[in-house]
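Below: one structure, written as structure tokens.
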Amino acid sequence: MIETVKNCIEVSNLTKIYEAGGRSKARQPIVANDAISLEINQGEVFGLLGPNGAGKTTLVNQILGLATPTEGSIFVKGIDIIKHPAFVKSLASYLPQRGIAFEYTEVHKALLFAGQLKGLTKIQAKIQSEQLIGELDLGEVADTFFNKLSGGMRRVVGLGLALMGRPEILVMDEPTNELDPVRRRRVWNIIQEINRERGITCILVTHNVAEAETVLQRVAIIDKGKVLALGTPGKLKQQISTEAFLDLTLNDMLETRDTKTIAEEVKFKLDQRFHSATLPAFRFSVESPNNLKIYLPFEQSGEVINFIVSEIGPQVIDDFKLAHTSLEDVYLHHVGPEASLNKSEIGSRS
């Protein structure tokens, strides 16, 4: 009998090498994964980020038991899935980026069939499918054939198929591709709900960093087969910057002072009031005649905002936004600005 442990997924020194095809001896083997080590905790939402060809899908395929590593080990709940690949297949569901085999089946029948494939009785499958049709707002397309759906709606139905049988591990490759903003927000909310309420371990492969940042609990940034950064979004941000920026939009009441003059006045007063030998100096950037950015230590942001409002005057401020380093900033720091998230990940199979 196979015994399991609480730790969900442990990857150690994982290497996957594809031999070069063709007859040319000059072609070199492709190292898709290069000594990758990481752990994914039970019940967390874990993100895999990286450009096209980084090795993300190769890593996921090995975790799911769909490909065999060249070297290294993968344990899922303490079980060596290289030796026992069927074990992880009994626990996990996969939403691929493309290719779902229900082209000529109505949506509600596809959900029923997926449930029965995962071991549910007809009654259990019917109950779960009806719940998912409601949660994913699929009522209007429940009787529609899959091949008649829009690309975005196919993604939503694909998520429903993956959730049938209530898997313990859910792997999603670009779950919000081609969705309109309302449905994208709904999908992210559902991912948070199933993670929180059911304790499902979720692995997200996505290029939509700005949206995914709200649900990801830990992240691995991968490029050229290597893990470049691993940790919580907060810790990864702190590693590259402890700075925040205050984005001020000034209204049209400035009759005697322009934005540059205000910036100089505020900078002088801030340096007098807050700056010390142990803190970085404040930096200012005039983005437009009515827009001013102030870069400041994050831990002082609340006190600084109150001070600035009192010095400038609330009647002069039309709007403001306080922001920290974003997860996308972290990504670009490690991978480089040439690896555009929105271009490189769409359509990626890597």
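Values for this structure:
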{"item": "Unmet requirement for Thr242, which otherwise passes all of (1) at pLDDT 70 or above; (2) more than 18 Å from Val209 (Cα to Cα); (3) surrounded by 15 or more Cβ atoms within 10 Å (Cβ to Cβ)", "result": "(3)"}
{"item": "Out of Gly43, Gly99, Gly65, Gly55, sole residue that is exposed (fewer than 14 other Cβ atoms within 10 Å of the Cβ), under 30 Å from Gly152 (Cβ atoms) and at pLDDT below 95", "result": "Gly99"}
{"item": "Enumeration of residues in region 299-350 that are outside any helix (DSSP H, G or I), modelled with pLDDT of 80 or more and surrounded by fewer than 12 Cβ atoms within 10 Å (Cβ to Cβ)", "result": "Asp319, Lys321"}
{"item": "Only one of Ala229, Ala244 that is farther than 22 Å from Glu299 by Cα, in contact with a helix residue (DSSP H, G or I) (Cβ under 9 Å, 6 or more places away or on another chain) and touching a residue at least 24 places away in the same chain (Cβ under 8 Å)", "result": "Ala229"}
{"item": "Residue selected from region 254-278 under the condition surrounded by 12 or more Cβ atoms within 10 Å (Cβ to Cβ) and modelled with pLDDT under 70, by the criterion nearest to Ala220 (Cα to Cα)", "result": "His275"}
{"item": "Whichever residue in region 158-182 is surrounded by fewer than 24 Cβ atoms within 10 Å (Cβ to Cβ) and without any contact (Cβ under 8 Å) to a residue 40 or more places away in the chain and, among such residues, is nearest to Ile203 (Cα to Cα)", "result": "Arg166"}
{"item": "Residue in region 113-135 that is in the same structural domain as Ile30 (by the TED database), touching a Leu at 6+ places or on another chain (Cβ under 9 Å), closer than 20 Å to Asn208 by Cβ and surrounded by fewer than 21 Cβ atoms within 10 Å (Cβ to Cβ) present", "result": "no"}
{"item": "Unmet criterion (only one of (1) touching a strand residue (DSSP E or B) at 6+ places or on another chain (Cβ under 7 Å); (2) at pLDDT 95 or above) for Met172", "result": "(2)"}
{"item": "Residues of region 66-85 classified as more than 21 Å from Gln42 (Cα to Cα), among the hydroxyl-bearing types (Ser, Thr, Tyr) and touching a strand residue (DSSP E or B) at 6+ places or on another chain (Cβ under 8 Å), total", "result": "1"}
{"item": "Residues that are part of a helix (DSSP H, G or I), within 28 Å of His334 (Cα to Cα) and touching a helix residue (DSSP H, G or I) at 6+ places or on another chain (Cβ under 8 Å), drawn from region 188-221", "result": "Trp188, Val209, Ala210, Glu211, Ala212"}
{"item": "Residue check, Gly160 farther than 30 Å from Pro69 by Cβ and in contact with a Leu (Cβ under 9 Å, 6 or more places away or on another chain)", "result": "yes"}
{"item": "Residue tally, condition at positive phi and either in a helix (DSSP H, G or I) or of a type outside the set (Lys, Arg) (or both), over region 222-238", "result": "2"}
{"item": "Considering residues of region 80-95 that are of a type outside the set (Ser, Thr, Tyr) and surrounded by 17 or more Cβ atoms within 10 Å (Cβ to Cβ) only, the residue farthest from Ala142 (Cα to Cα)", "result": "Ile81"}
{"item": "Glu19 being modelled with pLDDT under 90, farther than 28 Å from Gln192 by Cβ, assigned by the TED database to the domain that holds Pro175 and of a type in the set (Asp, Glu)", "result": "yes"}
{"item": "Any hit, region 17-30, residues being closer than 27 Å to Val215 by Cα, in contact with a Lys or Arg (Cβ under 7 Å, 6 or more places away or on another chain) and part of a loop (DSSP other than H, G, I, E, B)", "result": "no"}
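The values are calculated or read from the model by the stated rules, or taken from the named source; none is laboratory data. The shown structure was predicted, so the numbers you read here are calculated from the model rather than taken from an experiment. When we count neighbours, we look across all protein chains shown, and the Cβ atoms used for this are built from the backbone with ideal geometry, even at glycine.
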